[in-house]
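One structure is given below, encoded as structure tokens.
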Amino acid sequence: MPDALDASPYDALLLLSFGGPEGPDDVVPFLENVTRGRGIPKERLKEVGQHYFLFGGVSPINDQNRALLDALRKDFAGHGLGLPVYWGNRNWAPYVTDTLREMVTDGHRRILVLATSAYASYSGCRQYREDLAGALAALEAEGLDLPKVDKLRHYFNHPGFVEPMIEGVLKSLADLPEDVRAGAHIAFTTHSIPTSAADTSGPAEEHGDGGAYVQQHLDVARLIAEAVRERTGVDHPWRLVYQSRSGAPHIPWLEPDICDHLEELHGAGVPAVVMSPIGFVSDHMEVLYDLDTEAKAKAEELGLPVRRSATVGADPRFAAAIRDLVVERAATESGRQVTPCALGALGPSHNVCPVGCCPARTAKPAAAGADSPYA
């Protein structure tokens, strides 16, 4: 048996994700959860849900989280890390409040949280922290003893997150026809967000000009592009582009859109493109629909050969990275010396989100940060 790794003072890990419908009847209620408070009519939600209905009303994200949950449990057990792993969602069952209640009932008092979002932004970090605060408030109202909850740092530049994506791009390049492979461009994609949200992402000192959100993605894109050049001997041009815009047309969002970018590349005579969805942990609906359906249809219309590389998903290297982050944070909390692992120019992210980090348009309590009401 391996030597036991020390996770103290933590006694459990919560995998916290977005959630998704698991059948046609779930689609509209799920979208109502996602858009609650925005006053969007049910008929409009049915229109928005059409891409879910194309896949039988089932988002792949829940099964992908089950796979990651299994990978984490196997990795932890195989390396002597005796830390139980639970799973909760923001927008669909199992809901985070129910999972936290179960964890408290099981006796857990120091809980680490892994969010399935690798980068800094309101929707990718603080909103999860708000959900945690809401769940803790609900448990407090029920008279339960509240656990102390901490969130793992952003892992966008951890080798266990980056390396599988490098491998994915290499495989996609190798799958292109040989006569277009050397001239292929790489389109690194991530979720578009309002430019105002991007500009205020990360700590206050990083705000402006896309904030931490854009800078972190650019750093990962450079890491992958440089690794591809080193391993193939070919310097493939690349650009960070965006997908999955959902806001009102008059509000500025990050651009260019992937489909517009494909048109631009085709017009410039680029012979092929690899789309690498670096902004997504797994192949959930926005990857399957916005890239594998819409973007590939656009490429086919243009006669442009494209390949879409894999996301990290439940790759064993990603599970190992999470184990590394758990042990790192546990050591920090216990006052033990530790060297955080990070690639690229930005270094390891903060462990505790500071005040002013990824602010919301309307102030709400957020747990697991310097401004948490649940210290």
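The values are calculated or read from the model by the stated rules, or taken from the named source; none is laboratory data. Treat the numbers as computed from the prediction; the structure is a model and nothing was measured. Here the Cβ positions follow ideal geometry from the backbone for every residue, glycine too, while neighbour counts run over all protein chains shown. Protein only, heavy atoms only, side chains kept; ligands, DNA and RNA dropped before computing areas. Shrake-Rupley method; radii C 1.70, N 1.55, O 1.52, S 1.80 Å.
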* Identity of the residue in segment 330-339, touching a residue at least 40 places away in the same chain (Cβ under 8 Å) and touching a Pro at 6+ places or on another chain (Cβ under 9 Å), that ends up least open to solvent (accessible area, probe 1.4 Å) -> 330
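Considering only residues that are more than 19 Å from the chain's Cα centre (by Cα) and not in a loop (DSSP other than H, G, I, E, B), look in segment 54-87 and name the one that is farthest from residue 326 (Cα to Cα). Walk me through how you get there before you give the answer.
Within segment 54-87, the subset more than 19 Å from the chain's Cα centre (by Cα) is 54-58, 73-84.
Next cut, not in a loop (DSSP other than H, G, I, E, B) only: 58, 73-78.
Values: 58: 31, 73: 13, 74: 15, 75: 12, 76: 10, 77: 14, 78: 15 Å.
If we take residues in segment 54-87 being more than 19 Å from the chain's Cα centre (by Cα) and not in a loop (DSSP other than H, G, I, E, B), then 58 is farthest from residue 326 (Cα to Cα).
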* **Residue in segment 265-285 that is at pLDDT below 95 and among the hydrophobic types (A, V, I, L, M, F, W, C) present** => yes
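Go through segment 89-121 residue by residue and tally those that are in a helix (DSSP H, G or I) and not β-branched (Val, Ile, Thr). Don't jump to the end; show me each part of the working.
Initially, segment 89-121 is screened for residues in a helix (DSSP H, G or I), giving 96-105.
This time we only want the ones that are not β-branched (Val, Ile, Thr), so: 98, 100-103.
Of the residues in that region, 5 qualify.
Return yes when residue 239 is in contact (Cβ under 8 Å) with a residue 24 or more places away in the chain, charged (D, E, K, R) and touching a Ser or Thr at 6+ places or on another chain (Cβ under 8 Å) and no when it is not. Walk me through how you get there before you give the answer.
On the way: in contact (Cβ under 8 Å) with a residue 24 or more places away in the chain: yes; charged (D, E, K, R): yes; touching a Ser or Thr at 6+ places or on another chain (Cβ under 8 Å): no.
No, not satisfied.
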* Structure fact -> The one condition residue 7 fails out of (1) open to solvent by 20 Å² or more (accessible area, probe 1.4 Å); (2) part of a loop (DSSP other than H, G, I, E, B); (3) more than 22 Å from residue 312 (Cα to Cα) is (1)
* Report, by residue number, each residue of segment 34-47 that is of a type outside the set (Ser, Thr, Tyr), at negative phi and surrounded by fewer than 16 Cβ atoms within 10 Å (Cβ to Cβ). => 36, 38, 40, 41, 42, 43, 44, 46, 47
* Quick one: in segment 49-77, of everything that is out of contact with any Gly (no Cβ under 9 Å at 6 or more places or on another chain) and touching a residue at least 60 places away in the same chain (Cβ under 8 Å), which residue is surrounded by the most Cβ atoms within 10 Å (Cβ to Cβ)? => 72
* Asked: Under the condition of being of a type in the set (Ser, Thr, Tyr) and open to solvent by 40 Å² or more (accessible area, probe 1.4 Å), which residue from segment 78-115 is nearest to residue 331 (Cα to Cα)?
  -> 105
* Just for helices (runs of 4 or more DSSP H) wholly inside segment 259-345: which have at least 1 residues that are closer than 30 Å to residue 152 by Cβ? -> 285-288, 316-333
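Go through segment 354-375 residue by residue and tally those that are surrounded by 13 or more Cβ atoms within 10 Å (Cβ to Cβ), of a type outside the set (Phe, Trp, Tyr), part of a loop (DSSP other than H, G, I, E, B) and on the phi < 0 side of the Ramachandran plot.
Filtering segment 354-375 down to residues surrounded by 13 or more Cβ atoms within 10 Å (Cβ to Cβ) leaves 354, 356-360, 364-372, 374.
If we keep only those that are of a type outside the set (Phe, Trp, Tyr) too, we end up with 354, 356-360, 364-372.
Filter again for part of a loop (DSSP other than H, G, I, E, B), leaving 354, 356-360, 364-368, 370-372.
So of that shortlist, the ones also on the phi < 0 side of the Ramachandran plot come out as 354, 357, 359-360, 364-367, 370-372.
Number of matching residues: 11.
Of the residues 310, 314, which single one is touching a residue at least 40 places away in the same chain (Cβ under 8 Å), open to solvent by 20 Å² or more (accessible area, probe 1.4 Å), closer than 25 Å to residue 257 by Cβ and within 17 Å of the chain's Cα centre (by Cα)?
Details: 314 fails: closer than 25 Å to residue 257 by Cβ.
The match here is 310.
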* **Failed item, numbered, when residue 119 is tested on (1) within 16 Å of the chain's Cα centre (by Cα); (2) farther than 16 Å from residue 282 by Cβ; (3) aromatic (Phe, Trp, Tyr)** => (2)
